[in-house]
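Here the structure comes first, spelled out in structure tokens, and everything after it is commentary.
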Amino acid sequence: MKRTVMTIFSMLAVIAMSVPAFAHFQMVYTPEIALDKGQAVDLSLVFTHPFEAGHTMDMGTPEEFYVLAQRGEEAKSKKTDLKEYLKPVTWTSLTNSGQAYEAKLPKKITRSMGDYTFVLKPAPYYEGEEDIYIQQVTKMVMNVGGLPGNWNTPAGLPCEIVPLDKPYANWVGGVFRGVVLSNGKPVPNAELEIEYMNHAPDMKNRKFEKKAAVEAPQDSFVTMGIRTNDRGEFTIGLPKAGWWGVCALGVGPEKTHKGKELSQDAVLWVKAVDMK
């Protein structure tokens, strides 16, 4: 009997180790981030697994949601709170539905040329399987009219990824570089997860498309892992058009929430475009 029980436990352990652990990514999504002119912008805020369009996790009320706008590199950055535009919605993945948010921003928010750095500090999410909280401080940078602004300026967040290349102006086949900061200081040897948004978001119907853009040859290609160098810098390739998420795990200064471990992560979204 004892031997049978041990055999069962061994089999369960092997099964658990063989199940792929897909990465969590907080999305701040809009179809285009290199705009020719100012216009109204719709955003979808979803906490999910972007490569597989997998389990969508329920988002609580965001702690902060704002945009830093800058017209030209010498101009002063302007902060605009966007929480008034947030609306709770239900977002459907390929496996379930969960609470997400959308924001329909009027043209006055992005009417001028320059850069717009959108910042989301979500409520910590309790991950029951790991018995920890996760809070992904997320940035997405948009440009209007080609006039550069604050794309490479730290936003002063507890943790963040600061671009060394414009996140909105990348050709497929190129590379993207960035630096991971915690309390404004570079984080050497930080663990990063990279995922491709493999299922197109259908913003109108608040769901992911079922059709995948690519097929991973093996599970390690779903969530790719890299490390920053001793200066907190990293470089990734961009082999496919679309959105790429970069997440620096546990680099934030806050380590606990409600008496449990907190992984305070930094997320940045980058878009690559085909050269035609």
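The values are calculated or read from the model by the stated rules, or taken from the named source; none is laboratory data. What you see is a predicted model, and the numbers here were worked out from it, not measured in a lab. Here the Cβ is made from the backbone with ideal geometry for all residues, glycine too, and neighbour counts use every protein chain on show. Side chains are part of the model used for accessible areas, which takes the heavy atoms of the whole protein and leaves out ligands, DNA and RNA. Shrake-Rupley method; radii C 1.70, N 1.55, O 1.52, S 1.80 Å.
Highest mean first, what order results for 229-236, 116-123 on Cβ atoms within 10 Å?
116-123, 229-236
Along the charge dipole of the chain, pointing to its positive end and built from +1/-1 on Cβ of Lys, Arg, Asp and Glu, which listed residue (LEU45, GLN135, LEU238) has its Cα farthest out?
LEU45
Could you check the spin-label model distance between LYS260 and ALA200? Points 7 Å from the Cα along Cα→Cβ, value in nm.
3.7 nm
Which length gain, in nm to one decimal place, applies between LYS185 and ASP58 when the Cα-Cα distance is subtracted from 0.36 nm times their residue separation?
42.6 nm
Using all Cα-Cα distances in the range 124-187, what percent lands in each 10 angstrom bin from 0 up to the longest?
The calculated distribution, bin by bin, is 18, 39, 29, 13, 2.
Under 25 Å Cα to Cα from LYS276, which lysines show up? Leave out anything in the same chain fewer than 8 places away.
Reachable lysines: LYS37, LYS166, LYS211, LYS240.
So if R0 is 30 Å, what FRET efficiency would VAL172 and LYS104 give, r being the distance between their Cβ atoms, rounded to the nearest 0.05?
Step by step, r from the Cβ atoms, then E = 0.50.
Say R0 is 30 Å: what FRET efficiency, to the nearest 0.05, do LEU164 and MET275 get from their beta-carbon distance?
Working from the Cβ atoms, E equals 0.90.
Compute the Kirkwood hydrodynamic radius of the range 45-170, taking the inverse of the mean of 1/r over all pairs of distinct Cα atoms, and give it in Å to one decimal.
15.9 Å
Can you tell me the 0 to 90 degree angle between the C-alpha axis of helix 2-18 and the longest principal axis of the chain, rounded to 10?
20 degrees
Along its principal axes, what span do the Cα atoms of the range 24-273 show, with the longest given first and each in whole Å?
Sorted from largest, the Cα extents of the range 24-273 read 46, 44, 39 Å.
Of all the Cα-Cα pairs you can form in the range 140-263, what percent are over 21 Å apart?
The calculated P(r) of the range 140-263 puts 50 percent of pairs beyond 21 Å.
Considering the options LEU147, ALA266, TYR66, tell which one lies farthest towards the positive end of the dipole of the chain, charges being +1 on Lys and Arg and -1 on Asp and Glu at the Cβ, about the Cα centre.
Going by the Cα projections, it comes out as LEU147.
Carbon-plus-sulfur fraction of the accessible area of the chain, 1.4 Å probe, in percent?
Roughly 53 percent, rounded to a whole number.
Charges at C-beta only: +1 for Lys and Arg, -1 for Asp and Glu. How large is the resulting dipole of the range 24-273 about its Cα centre, in Debye rounded to 20?
Roughly 1020 debye for the range 24-273.
Give the accessible surface of the range 24-273 per residue, rounded to a whole number of Å², with probe radius 1.4 Å and ligands, DNA and RNA excluded.
About 45 Å² of surface per residue is accessible.
Run down the lysines and flag those whose C-alpha is under 23 Å from the C-alpha of LYS87, throwing out any fewer than 8 positions away in its chain.
Within reach: LYS79, LYS104, LYS107, LYS108, LYS121, LYS139, LYS204, LYS207.
Using DSSP to call loops (not H, G, I, E or B), can you name the GluC sites (Glu not before Pro) in the range 110-205 whose Cβ has at most 13 other Cβ atoms within 10 angstrom?
Answer in residue order: GLU129, GLU130.
With no solvent and one equal point scatterer placed on each C-alpha of the range 218-266, evaluate the Debye formula and give log10 I(q)/I(0) for q = 0.17, 0.29 Å⁻¹, two decimals.
Those come out to -0.71, -1.17, one per q.
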